[in-house]
Amino acid sequence: MPELLTIGDVSRRSGVAASALRFYEQRGLIASERSGSGHRRYPRAVLRRIAFVVFAQRVGLTLDEIAVELGKLPPGRAPTRRDWSRLSRTWTSRIDERIHELERLRAGLTQCIGCGCLSLDRCRLANPGDRAAGLGPGPRYWIGDPRPR
């Protein structure tokens, strides 16, 4: 296998679009070298960094947060198992929050979310006169505000 990979090779292997790889590079999450003709060439270790970025995004980290996490590693080095364990240790609470949010979404699929539209018959019953507006903007019941009794 070649020491350096083309952007097409990295895209196929990682499942990440070439445009996203260029964006990640622009954001400093990954790095490439340039060939004599100016084409990007990536070291094989970039695949692990990309996998880290993709997984961290699925957990809910922003690209800025991911950059901070990757910044804790020596430049150009892929995360090792030990790095991965250390970096991901704080993600449990974030995953738990997402699970809770998804459970609320599932439970509320057929209920009023307190957005103020009052267009559904159920909303007129669950949020008469848009009482949720007093709690603030947006889907108040969805983001966890208690429903008035």
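The values are calculated or read from the model by the stated rules, or taken from the named source; none is laboratory data. The model shown is predicted, which means the values in this text are computed figures rather than measured ones. Note that each Cβ is placed from the backbone with ideal geometry, even for glycine, and that neighbours are counted across all protein chains shown.
Cβ-Cβ contacts under 8 Å between residues 6 or more apart (or on different chains), taken from a first residue in the stretch 64-77 that is surrounded by 13 or more Cβ atoms within 10 Å (Cβ to Cβ) and at pLDDT below 75 to a second residue that is assigned to a loop (DSSP other than H, G, I, E, B) and not hydroxyl-bearing (S, T, Y), are listed as R77/A45.
Name the residues in the stretch 91-106 that are exposed (fewer than 11 other Cβ atoms within 10 Å of the Cβ) and either assigned to a loop (DSSP other than H, G, I, E, B) or not small (G, A, S) (or both), would you? Result: T92, D96, I99, L102, E103, R106.
Yes or no: G71 at positive phi and assigned by TED's automatic domain parsing to the domain that holds S32? Judged against the criteria, G71 is not a match. Scoring W84 on the criteria (1) closer than 17 Å to G28 by Cβ; (2) more than 15 Å from the chain's Cα centre (by Cα); (3) assigned to a helix (DSSP H, G or I) leaves a single failure, condition (1). When every residue of the stretch 100-120 is checked against the conditions, at least one turns out to be under 30 Å from L70 (Cβ atoms) and not aliphatic (A, V, I, L, M).
Look through S35, S19 and report the one residue that is in contact with a strand residue (DSSP E or B) (Cβ under 6 Å, 6 or more places away or on another chain), surrounded by fewer than 15 Cβ atoms within 10 Å (Cβ to Cβ) and farther than 26 Å from I143 by Cβ. The conditions single out S35. Of everything in the stretch 78-90, what is surrounded by fewer than 10 Cβ atoms within 10 Å (Cβ to Cβ) and under 30 Å from L4 (Cα atoms)? Give them in sequence order. Selection gives R81, R82.
Look at (1) in the same structural domain as A45 (by TED's automatic domain parsing); (2) assigned to a helix (DSSP H, G or I); (3) among the hydrophobic types (A, V, I, L, M, F, W, C); (4) in contact with a helix residue (DSSP H, G or I) (Cβ under 9 Å, 6 or more places away or on another chain) and you find that C123 fails only one, number (1). Checked against the criterion of being at pLDDT below 85, of a type outside the set (F, W, Y) and more than 24 Å from the chain's Cα centre (by Cα), the candidates R149, R89 yield just one match: R149.
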